[in-house]
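Just below is one structure, and these are the notes that go with it.
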Amino acid sequence: MTAVHLPGTPVIEGDHLISTSPATGAEAGRLPLATADDIAQAVERARAAGQWWAGLGFDARRDRLLRWRRLLAQRMEQLAELVHTEGGKPVADAIVEIVSAVEHVDWAARNARRVLGPRKVRSRLVLAEFSAHLEYQPHGVIGVIGPWNYPVFTPIGSAAYAMAAGNAVVFKPSEYTPLVGQWLVDTFAEVVPEQPVFTAVHGLGDIGAALCRSGVDKVAFTGSTATAKKVMAACAESLTPVLLEAGGKDAMIVDADADLDAAAEACVWGAMTNAGQTCIGIERVYVVEPVFDAFVAKVVERAGRLTVGADGADVGPITMPSQLDVIRRHISDALARGGRAALGGADSVRPPYAHPTVLVDVPEDSDAVREETFGPTVTINRVRDADEALSRANALPYGLGGSVFGQRRAVAIARRLRSGMASINSTLTFAGMSTLPFGGVGESGFGRIHGEDGLREFGRAKSITRRRARSLLPSTTFERTPADVDRLVKAVKLLYGRKL
Ligand code: NDP
């Protein structure tokens, strides 16, 4: 008989990590726990594998990555079922996540040579006698540390780009979703059976910490801001570079000329897809006064229709049981401070579920507005105009994504949002756009995955100059004469000292 554990809480039994369903507590599967030695060995093996992989060159790597993409696409229903069983995510949400991941593998594979490959760079008049070359060489081994909420999309956003750039990857999945992590590395091994280019090590946070100190050449971390700070501190000991994709508290701004039906539909999806457990999920909405009541009514009507449950529902269980207390606390705090529940309320949290909750007129200093809630809840506050919406949206230390609904001023508002990304007249869409970089500012982290910047994160710029002629204005030599220096001064004044 299958063991039943507290829903969703991973269990350690002997030397195994047992993953459990957050809906039922039934065991979803088990994997061996890594030890410090296992991590050292995984990194050592990855180092050799990385050299082999880098040596294959861009085209052979592209072919392998495209074969992996094909496997992911062909088996997406199987993977979605696993994401659902292990993390509780509705299958349809899992499919959307996987589609996005497949798109990123495809783009990274096809564009790595163009973005990172060797190329000639134009030289300038000063040093015109030299040619310039640039290429991005792989770091070697990238340690990827991932969260549970998008267990396919988030590691692939780093790993696929890192591997396209010629690195090997050692991946530490979240203890809540190790089976999905293992599935990803196993399918990769089907298309790259020769060497352990992409491997996983399993365990709790200490395994992530050990990976940071294992001698990897860069760490790509996705997770909470609190853990991001620990990761950066651990990496600082050896000056290991880090890429940090951390938490968020994304805002949506609804201007007076917005299509309110479209805004309400996108708000409900942006706030409540994956039960609100989305780093770029909409957690706060600022609506200009004239359209406030109409917008709230439309959101409440749509959110009220969502079904909650284990199978086939719109909103699944909360994956990490401890998050239920945070969601409950945020709702109570908002209500205690004078906010109003337009949908749901104090009794919205019924473990393992949190039911859709819409809180309006919530004080800006309440936890529900300032901290990551990570549940199917949203606050909607009224503002005078878009400027007030912006000053409130930009008041938090987080700055990941955001959304703007409107017409005339929408682009200007989106540009002024203090965030790494924004979507106009939609929510979250920038995440699936493989041509665009993804990442935050402030407490949401730094560095970028996805797009050209995402590829460059995983390559070191290597700059090479080559003499192609004798110097007309020799300066970088002790053979230069005072006359040479005079000519240099005159030339530079002629070139750069003129009136603009
Ligand atoms: P955590 O920060 O709790 O964990 C993230 C990963 O770090 C897990 O694999 C975790 O392992 C590991 N870890 C824990 N402690 C350490 C440590 N000391 N050193 C190294 N690694 C460690 O985040 P969650 O998994 O709870 O994910 C949710 C968070 O992720 C939210 O804040 C969300 O906003 C953010 N997120 C950000 C995204 C972005 O792109 N900016 C995307 C998705 C999520 P274990 O699970 O075993 O503890």
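Read-outs: derived from the displayed coordinates by stated rules, not from any lab. These numbers were taken from a predicted model, which means no experiment stands behind them. Cβ atoms come from the backbone with ideal geometry, glycine included; neighbour counts cover every protein chain shown.
If you average 1/r over all unlike Cα pairs in the range 217-361 and invert the result, what Kirkwood radius do you get in angstrom?
17.0 Å
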Principal axes of the range 1-65: Cα extent on each, largest first, Å: 48, 29, 18
Projected-area mean, the range 220-296, by convex hull of Cα positions, square nanometres: 6.4 nm²
DSSP bridge orientation in the chain - percent antiparallel, rounded to nearest 5: 45 percent
Rg/Rg_globular for the range 149-257, with Rg_globular taken as 2.2 N^0.38 Å and Rg from C-alpha atoms: 1.20
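May I ask which of Lys218/Lys462; Lys172/Lys218; Lys89/Lys218; Lys172/Lys462; Lys120/Lys462 have a Cα-Cα span longer than 22 Å here?
Lys89/Lys218; Lys172/Lys462
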Using a Förster distance of 60 Å, the FRET efficiency for Leu495-Gln78 (Cβ separation, nearest 0.05): 0.45
Length gained when the stretch Ser426-Arg480 is fully extended (0.36 nm per residue, less Cα-Cα span): 13.2 nm
Taking the C-alpha atoms of the chain, convex hull volume expressed per residue in Å³: 174 Å³
The range 219-317: trypsin sites (Lys or Arg not before Pro) falling in loop per DSSP and having at most 14 other Cβ within 10 Å: Arg305
Among Leu359, Pro376, Gly402 - extreme Cα towards positive end, dipole of the chain, charges at beta-carbon: Gly402
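Write down, largest first, the equivalent ellipsoid semi-axes of the range 405-500 in whole Å, where each equals the square root of 5 times an eigenvalue of the alpha-carbon gyration tensor.
48, 21, 11
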Cubic angstrom per residue, convex hull over Cα atoms of the range 261-342: 108 Å³
Charge dipole (the range 31-88, unit charges on Cβ, about Cα centre) - positive-most of Leu72, Ala60, Ala46: Ala60
Share of Cα-Cα pairs in the range 181-227 lying beyond 17 Å, as whole percent: 46 percent
Fewest-first sequence of Cys212, Cys235, Cys267 by Cβ atoms within 10 Å of each Cβ: Cys235, Cys212, Cys267
Charge dipole (debye, nearest 20) of the chain; +1 at Cβ of Lys and Arg, -1 at Cβ of Asp and Glu: 3120 debye
Relative contact order (percent, whole number), the chain, Cα cutoff 8 Å, 6+ residue spacing: 17 percent
Largest-first principal axis extents of the Cα set of the range 318-382 (Å): 31, 20, 16
Rg/Rh ratio calculated on Cα atoms of the range 342-447 (Kirkwood radius): 0.98
Given charges at beta-carbon only (K, R positive; D, E negative), |dipole| of the range 1-105 in Debye: 520 debye
Within the range 251-397: Cβ-based charge dipole about Cα centre, in debye rounded to nearest 20 (Lys, Arg +1; Asp, Glu -1): 460 debye
